[in-house]
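These notes are about the structure you will find just below.
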Amino acid sequence: MSWEFFGTTLAAFFTLSLYSFLYKDNPFYKLAEHIFAGISAGYYVGLIWHSVIKQQLWTPLFNERQYLLIIPGILGLLMFTRFFSKVSWLSRFSLAFVVGNTAGISLIRQLHGMILPQTRSTFLNVASFSGLVMVLGVLSTLIYFYFSKEHKGALGAVAKLGIWFIMISFGASFGYTVMARVSLLIGRAQFLLTNWLHIIK
Amino acid sequence: MRKKSFFLFLIAVIISFHNLGLSFASTSESTPLFRADRINILVLFIIFCAVVLLYIRSARKGKEFFIRKINGLEAIEEGVGRATEMGRPVLFIPGIDELDEIQTIAGLSILSRVAKITAQYNTPLLVPVRYPLVLAAAQESVKGAYLDAGKGDDYDPEMAQYVAGEQFAFVAAVHGIMHRDKPATNVYMGAFYAESLLLAEEGQASGAIQIAGTANPEQLPFFIAACDYTLMGEELFAASSYLSKEPLMLGSLKGQDWIKILLVICILLGVILETLNIGSGFFYKLFIEH
């Protein structure tokens, strides 16, 4: 028995074990679930040790003397203080750095990548049907997400139009994604029938 | 159990180096100090910050702001009450993304409110997470909520657990939790991707009441189809302000509403100029990088 066949059989076994959950929870599913979760955690530790701690911290810091990296290194080390209850509060500095950084970068990213481009893309000629639909859709959807007033009267009517636009776009998105999921299922079935059982050549 | 937690957390901390490194790298790239081509973004940024700060100031002075009812948020307390009556836990997933995703932060903010209610009702809470920094932040949120509720002694760090780093391994583990611990209420708040339907469908099959919220538009249809209540897009970010009623958060929400009105006015102006073909080029240029 070749290693390749062994590997394919193992992959087929875990695929079928995971699909067995469609019937009910069972020992095969539990085995596959635990191995899957455990291997993913172990894989990430190995991956990050080599690709981040060694490549992005240790080597540049000690071989290339990029001393600025001491800061993220210390922030990373502070996370270990969570093991010691008396100084565990120090780990909040690292968390605060990431949360603050995220909020700051996100604000600019959203203004730059979303708000300004989407605003200018809505400057359309409403004499055309598609332009009219686009402008109505954007404005009514924006109004739906206005929280400072109760959605009643004219505002309520516009917000209702907004929710119609949202639902229509969700319907289209749903259909598109279902098609993508069916292709994933076909991919898995092809693996079982072609690579493992060789029924399809 | 403590030994298991220690090893799981050790894995989590090692992975957190990666995330901290990424966060730092994103701020240390060498770019010019001032980019004149992005002055329009600076102007909008200043307007945005000024409006938000003004509203926060008003809120702190005691001015009361109205926020319309957000369907779904009312259901959270109802859901926790249901779990309490059934003697089952509440499952909360703050998305599957890292702490450098703003939706995760919004999710953690809602987690804090949910944890406060579970603390008051003595209802078990389960918070499986995919990333170590999110684990640490979730533990801080839950701990703070239990202390606020005067139930600090009932707090258990194992309420928030790192389950798996890989997306679908995480889903498999959460399916196991849903099946074995049988939570009565599932709350999904944050960034979700291809696993949204896998989680929501399994939760629905297990008979749990489900409340979801995400700003990923391509995943919203699945949550709407499989959950009892869904917060769409910005409702997720408004939720934490709505639940907390804190001046800081209410002020920022009001500021965002004001910016929306400003954008509606800009769009209407741009549309009129474009339709009448009068000076639309000049106005358009205000919204692009030069």
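Taking other C-beta atoms within 10 angstrom as a stand-in for reagent exposure, A:Val133, B:Val52 fall in the order A:Val133, B:Val52, fewest first.
Working from Cα pairs under 8 Å separated by at least six residues, relative contact order for region A:125-201 is 21 percent. Considering only alpha-carbon pairs that sit under 8 angstrom and 6 or more positions apart, the relative contact order computed for chain B is 23 percent. Between B:Ile56, B:Val129, B:Leu73, whose Cα lies farthest towards the positive end of the dipole of region B:26-156 when Lys and Arg beta carbons carry +1 and Asp and Glu beta carbons carry -1, centred on the Cα centre? The residue sitting most towards the positive pole is B:Ile56.
For B:Glu101, no residue 5 or more places off, or on another chain, has a built amide H under 5 Å of its own. Backbone amide hydrogens, once placed in the peptide plane, bring B:Gln161 within less than 5 Å of B:Val127, B:Val129, excluding anything fewer than 5 places away on its chain. In a simple Cβ point-charge model (Lys, Arg +1; Asp, Glu -1; nothing else charged), the protein assembly as shown has a dipole of about 620 debye relative to its Cα centre. Neighbour counts of other Cβ atoms within 10 Å put B:Cys266, B:Cys227, B:Cys49 in the fewest-to-most order B:Cys49, B:Cys266, B:Cys227.
The sum of -39500 (n - 2.57) across all DSSP H runs of n ≥ 4, divided by the residue count of chain A, sets its helix-only mean residue ellipticity at 222 nm to -22000 deg cm²/dmol.
Taking the dipole about the Cα centre of the protein assembly as shown, with the C-beta of Lys and Arg at +1 and of Asp and Glu at -1, give me whichever of B:Ser141, B:Ile39, A:Phe13 is farthest to the positive side. Selected residue: B:Ile39. Helices in chain B, meaning DSSP H runs of at least 4 residues, each add -39500 (n - 2.57). Divided by all residues, the mean residue ellipticity at 222 nm is -20500 deg cm²/dmol.
Where a Cα-Cα gap under 27 Å defines reach, which lysines qualify for B:Lys285, not counting those fewer than 8 residues away within the same chain? Hits, sequence-local ones excluded: B:Lys260. For region A:103-113, backbone phi angles converted through the Karplus equation (6.51, -1.76, 1.60; θ = phi - 60°) give residue-by-residue couplings of 4, x, 5, 4, 4, 5, 4, 5, 5, 6, x Hz, Gly and Pro being listed as x.
Quick one: compute the contact order of region B:74-244, relative version, from alpha carbon pairs under 8 angstrom and 6+ residues apart, as a percent.
26 percent
Overall, region A:45-183 carries a charge dipole of about 260 debye about its Cα centre when +1 sits on the Cβ of Lys and Arg and -1 on the Cβ of Asp and Glu, all other atoms neutral. Across region A:1-65, counting alpha-carbon atoms alone, Rg and Dmax equal 18.4, 58 Å. Among B:Phe92, B:Phe168, the order by Cβ neighbours within 10 angstrom, fewest to most, reads B:Phe168, B:Phe92. Applied to region A:129-144, the Karplus parametrisation 6.51 cos²θ - 1.76 cosθ + 1.60 on θ = phi - 60° returns per-residue 3J(HN,Hα) values of 5, 5, x, 4, 4, 5, 5, 4, x, 5, 5, 5, 5, 4, 5, 4 Hz, with x for Gly and Pro. Overall, region B:74-244 carries a charge dipole of about 380 debye about its Cα centre when +1 sits on the Cβ of Lys and Arg and -1 on the Cβ of Asp and Glu, all other atoms neutral.
Take the alpha-carbon centre of region A:65-101, take the same for region A:128-151, and report the distance between them in whole Å. Their Cα centres are 44 Å away from one another.
When you work out D = kT/(6 pi eta Rh) for chain A at 37 °C and 0.692 mPa s, using the Kirkwood radius from C-alpha pairs as Rh and the Stokes-Einstein form, the result is 138 µm²/s.
Each reported figure results from applying straightforward, stated rules to the coordinates on display, with no laboratory input. What you are looking at is a predicted structure, and each value in this text was computed from that prediction instead of being measured. Virtual Cβ from ideal backbone geometry, glycine too; neighbours counted across all protein chains shown.
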